[in-house]
Amino acid sequence: MSHEQVVALGPYAVLAWTPIMVMLGIAIKRDHRATVIRALAGLVATLVFAAVVSAKHGAVQVTSLLMVDSFALWYLGLTVLATIVVILLSFGYLEQQSVRRDEFYILLLTAALGSGVLAASTHFASFFLGLELLSVSLYGLISYQYERALNLEAGVKYLVLAGTSSAFLLFGMALVYSQTGELGLRAMASDGGLVVDLGWLLMLVAIGFKLALVPFHMWTPDIYQGAPAPVSAFVATVSKGAVFALLLRYMLASGPTLAPLYAVFALVAAASMLAGNLLALSQTNVKRILGYSSIAHMGYLLIALIAGGKDGATIASFYLVAYFLTMLGAFGVVTVLSTGERDAEDLADYVGLAQRRPWAAAVMTAMLLSLAGMPLTAGFMAKVYVVASGASTGHWALLMVLAIASAISLYYYLRIVMAMFSHEEGEEDAAVERSPVLASIALAALLVLLVWIGVYPGPMLGAIARVVALMQ
């Protein structure tokens with residue numbers, strides 16, 4: 001391995017060493033605060049290394065497994081930043097829990113490593129290893145509060161369904177390899193006939209499960225409801241973002257090879273937009289509402305993917321940034337409001353929130369309005385760009401579905417907002433409750449970025465466009 005390849009792997013090496021250092025620290029002495037500091041230090045060091053590698057080196061192919069280019073480092077940075085936010089949210093949340101706290105961060109860091117590997121993957125082996133590292137970590141994270149029956153049930157459900165999706169993935173890879181003799185990106189451009197198309201279809205079934213696209217979506221609300229609130233935030237953002245980054249890289253590498261499957265993508269996108277929003281209408285559990293909402297947003301995101309090319313990849317990446325901000329913020333408020341006994345997931349928990357916790361109510365309102373695509377938020381600009389990409393390629397039917405689905409979503413988003421600003425007898429005299437400091441800092445940063453990108457999206461969009469343009 002050359003010196004350049006070793007340097008390119010620097011950010012991944014730092015991220016891989018971080019859970020090891022955290023584990024060694026736990027073995028010496030259990031200290032929740034010290035564990036969090038070590039985890040954050042490792043993540044910040046990863047960001048620094050990624051910035052240095054991005055500035056001094058171009059695209060570096062590390063064996064046939066990984067391509068460390070601007071695209072991979074961008075998504076690695078996005079993953080690490082989201083993980084930092086989840087850790088800040090988790091500290092106060094876990095302080096209230098009776099479970100051992102320190103191991104939670106080891107699982108979180110290994111899941112982040114798996115996500116980073118996915119974004120750089122150029123080979124079926126690294127694809128599968130990154131996906132399994134992410135998935136196995138999520139099994140533990142989702143069922144971390146194992147003394148709660150619903151939590152353990154969610155972990156077992158995810159284990160069974162993720163194992164099934166991995167079987168589809170491996171069978172699809174085997175079919176592609178049997179016809180092309182390739183396991184790398186060159187297999188994407190190979191035209192192997194019906195068997196290869198079937199292989200890609202099976203692989204897309206596995207990817208559809210990870211992205212919670214219709215008809216592979218039914219696990220989502222159950223997992224989001226059963227998992228600890230910070231883990232729900234992680235699954236909704238980092239887990240899906242990594243898989244979508246991999247899908248973008250593979251789709252761009254495929255050229256016209258996967259064009260016959262674009263009609264399938266269009267049907268899946270339309271079904272996800274409609275089903276996600278319609279199923280959310282009858283829900284009274286906020287975590288389930290956000291779960292169904294995430295299904296719809298993956299459908300919106302597919303429109304940019306169907307538009308194709310690097311312009312479509314740029315808009316999809318921008319949409320993911322807005323999606324990360326809003327989902328982390330929404331689940332962050334759920335985390336802040338949760339107690340040691342239960343998560344604040346019922347709609348009744350949000351009645352009168354503006355009087356009890358005005359800061360949390362303000363953040364939640366902003367996040368919900370962004371998810372609905374209201375102006376002056378990142379979600380609004382993201383939807384504008386998605387509509388522009390769909391219009392430029394003539395996908396008018398999908399855009400009509402997007403408009404209808406977005407109108408439907410206003411009902412359940414505004415229902416939560418109305419509950420937060422409603423009054424109950426005696427609430428006027430209720431004391432204002434304080435939120436944990438670290439969580440408040442994280443929510444403040446998310447809110448500032450949400451509004452900044454919504455008002456002035458140019459710098460962010462330009463940065464993403466430069467990253468995608470340099471993509472190998």
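Here are the numbers:
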item: Failed item, numbered, when Ala162 is tested on (1) within 19 Å of the chain's Cα centre (by Cα); (2) of a type outside the set (D, E, K, R); (3) at positive phi; result: (3)
item: Conditions (1) of a type outside the set (Phe, Trp, Tyr); (2) at pLDDT 90 or above; (3) touching a helix residue (DSSP H, G or I) at 6+ places or on another chain (Cβ under 9 Å); (4) part of a helix (DSSP H, G or I): number failed by Gln355; result: (2)
item: Residues located in region 358-407, provided they are closer than 17 Å to Ile295 by Cα and either of a type in the set (Phe, Trp, Tyr) or not in a helix (DSSP H, G or I) (or both); result: Gly373
item: Test: residue in region 325-343 that is of a type in the set (Lys, Arg) and part of a helix (DSSP H, G or I); result: no
item: Residue count for region 372-382, restricted to those that are in contact (Cβ under 8 Å) with a residue 40 or more places away in the chain and either over 18 Å from the mean Cα position of the chain (by Cα) or surrounded by fewer than 24 Cβ atoms within 10 Å (Cβ to Cβ) (or both); result: 6
item: Residue pairs meeting the criteria (Cβ under 6 Å; at least 6 apart or on separate chains; first more than 19 Å from Tyr385 (Cβ to Cβ) and in contact (Cβ under 8 Å) with a residue 60 or more places away in the chain, in region 402-413; second buried (at least 19 other Cβ atoms within 10 Å of the Cβ) and among the β-branched types (Val, Ile, Thr)); result: Tyr412/Ile289
item: Subset of region 159-204 that is aromatic (Phe, Trp, Tyr) and at pLDDT 90 or above - its residue that is surrounded by the fewest Cβ atoms within 10 Å (Cβ to Cβ); result: Phe171
item: Selection within region 52-90 - in contact with a helix residue (DSSP H, G or I) (Cβ under 6 Å, 6 or more places away or on another chain) and without any contact (Cβ under 8 Å) to a residue 24 or more places away in the chain; result: Ser54
item: Selection count where residues are closer than 15 Å to Val6 by Cα and buried (at least 21 other Cβ atoms within 10 Å of the Cβ), scope region 55-72; result: 4
item: Any hit, region 212-220, residues being on the phi > 0 side of the Ramachandran plot, hydrophobic (A, V, I, L, M, F, W, C) and buried (at least 19 other Cβ atoms within 10 Å of the Cβ); result: yes
item: Test result for Leu302, closer than 18 Å to Val205 by Cβ and at pLDDT below 90; result: no
item: Inter-residue pairs, beta-carbon under 7 Å, first at positive phi and in region 91-108, second assigned to a helix (DSSP H, G or I), 6+ apart; result: none
item: Test: residue in region 285-292 that is over 21 Å from the mean Cα position of the chain (by Cα), surrounded by fewer than 24 Cβ atoms within 10 Å (Cβ to Cβ) and of a type in the set (S, T, N, Q); result: no
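Conditions (1) under 20 Å from the mean Cα position of the chain (by Cα); (2) surrounded by fewer than 19 Cβ atoms within 10 Å (Cβ to Cβ); (3) modelled with pLDDT of 90 or more; (4) outside any helix (DSSP H, G or I), marked per residue:
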| position | (1), (2), (3), (4) |
| --- | --- |
| Arg434 | no, yes, no, yes |
| Ala439 | yes, no, no, no |
| Leu443 | yes, no, yes, no |
| Trp452 | no, yes, yes, no |
| Met460 | yes, yes, yes, no |
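Per-residue answers, yes or no, for (1) touching a Ser or Thr at 6+ places or on another chain (Cβ under 6 Å); (2) not charged (D, E, K, R):
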site	(1), (2)
Ala227	no, yes
Leu261	no, yes
Leu279	no, yes
Ala304	yes, yes
Lys310	no, no
Ala313	no, yes
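The values are calculated or read from the model by the stated rules, or taken from the named source; none is laboratory data. All values reported here derive from a predicted model rather than from experimental measurement. In this analysis, Cβ positions are derived from the backbone assuming ideal geometry, glycine residues included, and neighbour counts consider all displayed protein chains.
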